[in-house]
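Q: Next up is a structure, given as structure tokens.
The values are calculated or read from the model by the stated rules, or taken from the named source; none is laboratory data. Just so it is clear, the model here is predicted, and its values are computed rather than measured. A quick note on method: Cβ atoms are made from the backbone with ideal geometry, for glycine too, and the neighbour counts reach across all protein chains shown. Ligands, DNA and RNA are excluded from the accessible area calculation, which covers all protein heavy atoms including side chains. Shrake-Rupley method; radii C 1.70, N 1.55, O 1.52, S 1.80 Å.
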Amino acid sequence: MAQLKSAAFKEGEVPQAREPLAVQEPLPEGSGRSFPPVSVPACQTLIDVRNGEASFAHVFQHFNWKENIMGGGSTLASYEDGQAEQRFAELKRALDTCRRYEGEGYVGPFEATVTTQASPEYGEEAVAFREIVPMGPEYGGDRNEQFVVVRTGNTIATFSEPSIGKDLFFPPEVITRQVERLRNAQRP
């Protein structure tokens, strides 16, 4: 956990974000609110991998962007030897079949549509996709969240950029810098 925290961004390192840039550890098991699995098992796998589930350790970092009130976030997850590759393969298989699912969140039941995007060139492997949740015109449009998931050695980093009614993207230069830090942290 300490090594992941040290690889995360510190105050003043992301000019597009407002301070503070806090790094959060996951809540102890059983202490947070839990939700039932989503309606499609492949989609649950996609959610679990992007959230760092089954990792050896993971941390979260939230970004309060100056240009997007909804902010963004990253999850840095570390795995035992070979497990990151295995989990990333599971994610890619899930993306082949996960197109739509129903679930329950903090505000109640929802339906989401998953659309894949061109794979970006980060780390050793990377995928990008969007999850779109219809919200209705009274909310200004649909919730549209971009995810970029990158494997670098024994780590998987997920970057998310939510928005309402438009396609926003997590800043590529921030992804590049974070992936480089993860790569450097794993070098002997």
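Q: Looking only at region 82-128, count every residue that is more than 30 Å from Ala22 (Cβ to Cβ) and part of a loop (DSSP other than H, G, I, E, B) and tell me the total.
A: 5
Q: Also: Can you pull out every residue in region 117-159 that is farther than 26 Å from Glu80 by Cβ, among the basic types (Lys, Arg) and open to solvent by less than 50 Å² (accessible area, probe 1.4 Å)?
A: Listed by number, the list holds a single entry, Arg130.
Q: Sticking with this structure for a sec: Could we say that Arg87 is within 22 Å of Val107 (Cβ to Cβ), among the basic types (Lys, Arg) and either open to solvent by 10 Å² or more (accessible area, probe 1.4 Å) or in contact (Cβ under 8 Å) with a residue 12 or more places away in the chain (or both) here?
A: Judged against the criteria, Arg87 is not a match.
Q: On to the next question. In this structure, is Gln117 out of contact with any Leu (no Cβ under 9 Å at 6 or more places or on another chain) and more than 24 Å from Leu4 (Cα to Cα)?
A: So Gln117 passes the test.
Q: Hey, does region 163-170 have a residue that's under 20 Å from Gln86 (Cβ atoms), part of a strand (DSSP E or B), open to solvent by less than 10 Å² (accessible area, probe 1.4 Å) and among the polar types (S, T, N, Q)?
A: No.
Q: Output the number of the condition that Arg93 fails; it satisfies all remaining conditions of (1) more than 23 Å from Phe170 (Cβ to Cβ); (2) of a type in the set (Lys, Arg); (3) open to solvent by less than 40 Å² (accessible area, probe 1.4 Å).
A: Looking at each condition in turn, Arg93 falls short on (3).
Q: Working only within region 52-79, note down all residues that are assigned to a loop (DSSP other than H, G, I, E, B) and either at pLDDT 95 or above or surrounded by 21 or more Cβ atoms within 10 Å (Cβ to Cβ) (or both).
A: Matches in region 52-79: Gly52, Ser55, Tyr79.
Q: Run Asn154 past the list (1) closer than 30 Å to Leu4 by Cβ; (2) in contact (Cβ under 8 Å) with a residue 40 or more places away in the chain; (3) touching a Pro at 6+ places or on another chain (Cβ under 8 Å); (4) not hydrophobic (A, V, I, L, M, F, W, C) and report the number of the one that doesn't hold.
A: With respect to (1) closer than 30 Å to Leu4 by Cβ; (2) in contact (Cβ under 8 Å) with a residue 40 or more places away in the chain; (3) touching a Pro at 6+ places or on another chain (Cβ under 8 Å); (4) not hydrophobic (A, V, I, L, M, F, W, C), Asn154 is out only on (3).
Q: Would you be able to tell me the number of residues in region 114-130 that are aliphatic (A, V, I, L, M) and touching a residue at least 24 places away in the same chain (Cβ under 8 Å)?
A: Total satisfying the criteria: 3.
Q: Then there is this: Taking only pairs six or more apart or across chains, which ones have beta-carbon atoms under 7 Å, a first residue in region 1-18 that is surrounded by 13 or more Cβ atoms within 10 Å (Cβ to Cβ), and a second residue that is at pLDDT 90 or above and among the β-branched types (Val, Ile, Thr)?
A: Met1/Val59; Leu4/Val59; Lys5/Val59; Ala8/Val59; Val14/Val174
Q: While we're looking at this one, here's another question. Consider Arg99 against the criteria (1) out of contact with any Leu (no Cβ under 9 Å at 6 or more places or on another chain); (2) of a type in the set (D, E, K, R); (3) crowded, with 19+ Cβ neighbours inside 10 Å: it satisfies all of them except one. Which criterion is unmet?
A: Going through (1) out of contact with any Leu (no Cβ under 9 Å at 6 or more places or on another chain); (2) of a type in the set (D, E, K, R); (3) crowded, with 19+ Cβ neighbours inside 10 Å one by one, Arg99 breaks only (3).
Q: Look through Gly108, Gly165 and report the one residue that is out of contact with any helix residue (DSSP H, G or I) (no Cβ under 9 Å at 6 or more places or on another chain) and either farther than 25 Å from Tyr79 by Cα or free of Cβ contacts under 8 Å to residues at least 40 places away in the same chain (or both).
A: None of the others qualify; the one that does is Gly108.
Q: Go through region 99-122 residue by residue and tally those that are over 19 Å from Phe35 (Cα atoms) and touching a Ser or Thr at 6+ places or on another chain (Cβ under 8 Å).
A: Number satisfying all stated conditions: 2.
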